Amino acid sequence: MACPFSRACPLRTPRFRIYRFLSVVIKKTAFHRCQTLGYRNGYAVVQRPTLGIGGDRLQVTQLSQAELDDLASKAPLLTYGQPKQAPPAEFIPAHVAFDKKVLKFDAYFQEDVPMSTEEHYRIRQVKIYYYLEDDSMSVIEPVVENSGIPQGKLIKRQRLAKNDRGDHYHWKDLNRGIDITIYGKTFRVVDCDRFTQVFLESQGIELNPPEKMALDPYTELRKQPLRKYVTPSDFDQLKQFLTFDKQVSELDTSVGFLASKCGTCELL
């Protein structure tokens with residue numbers, strides 16, 4: 001139905017619309033917010049408001065609690081879409097990252113010597129090498145000349161088991177001042193080189209203080225100079241030579257006869 005008022009009518013002016021809006025607001029008597037807190041079975045529960053200020057019904061879409069939680073936790077997208085993720089770090093295999101990086105430890109082990117009267121045990125100093133690229137280890141004894149025992153590479157490079165369950169030694173298991181057992185032999189680790197110390201400390205391992213390397217008692221005994229025993233004497237050989245020069249004693253004929261008969265000497 002067409003409006004009975006013309007376009008020039010003052011009732012169609014903005015002032016008339018404002019007056020009409022104010023007349024509707026003035027008729028309202030309740031301007032409080034709707035209650036959103038209720039009690040059920042003695043527990044306080046939150047209710048979604050259905051009426052707005054003034055008692056007007058809210059024109060909202062009824063959403064479930066799961067949908068509301070999803071909206072609350074959903075992060076808004078950027079203006080230009082999904083944010084670009086940083087590219088992953090370049091993968092470097094262990095045999096490249098730890099190539100030619102070896103941990104070196106100074107150690108020794110005690111060996112019994114049952115078939116000797118001069119020594120009861122022997123201290124043998126070794127070097128323990130741990131290869132970071134494949135977690136393998138080797139034990140090498142420095143060669144000592146004229147030692148009389150086989151030396152050099154005692155245990156070739158391989159992964160060494162540390163218990164009966166088949167677990168292998170890792171660089172986290174190595175430290176100064178500890179005992180490690182390899183193939184029934186107990187090695188005492190006393191010290192390590194500078195690179196090993198820096199690497200272990202960078203990985204958060206607290207190193208024990210270094211210990212003094214044990215020495216082999218028999219080897220140290222042989223390093224001492226031999227003692228020479230000289231018996232002092234008052235006998236003067238030069239005086240004897242000058243005194244008895246050109247003096248020859250005569251042998252008894254009976255003694256010479258008996259000696260010739262026995263065949264021990266020949267009479268001239």
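The values are calculated or read from the model by the stated rules, or taken from the named source; none is laboratory data. Everything numeric in this text was worked out from a predicted model, so none of it was measured. We place every Cβ from the backbone using ideal geometry, glycine too, and count neighbours over all the protein chains shown. Ligands, DNA and RNA are excluded from the accessible area calculation, which covers all protein heavy atoms including side chains. Shrake-Rupley method; radii C 1.70, N 1.55, O 1.52, S 1.80 Å.
Values computed for the structure shown
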{"item": "Nonlocal amide H pairs with ILE182, under 5 Å, H built at 1.01 Å", "result": "PHE187"}
{"item": "Total charge dipole magnitude, region 112-255, about the Cα centre, Cβ charges on Lys, Arg, Asp, Glu only, Debye to nearest 20", "result": "420 debye"}
{"item": "Over 25 Å (Cα to Cα) - which of LYS156/LYS185; LYS185/LYS212; LYS127/LYS172; LYS104/LYS223; LYS127/LYS212 fall in this group", "result": "LYS104/LYS223"}
{"item": "Amide hydrogen neighbours beyond the local backbone of GLU141, cut-off 5 Å, H modeled", "result": "LYS127, GLY152, LYS153, LEU154"}
{"item": "Gyration tensor (Cα) of region 85-221, equivalent ellipsoid semi-axes in angstrom", "result": "34, 16, 14"}
{"item": "Accessible surface, region 98-209, averaged per residue in Å² (probe 1.4 Å)", "result": "62 Å²"}
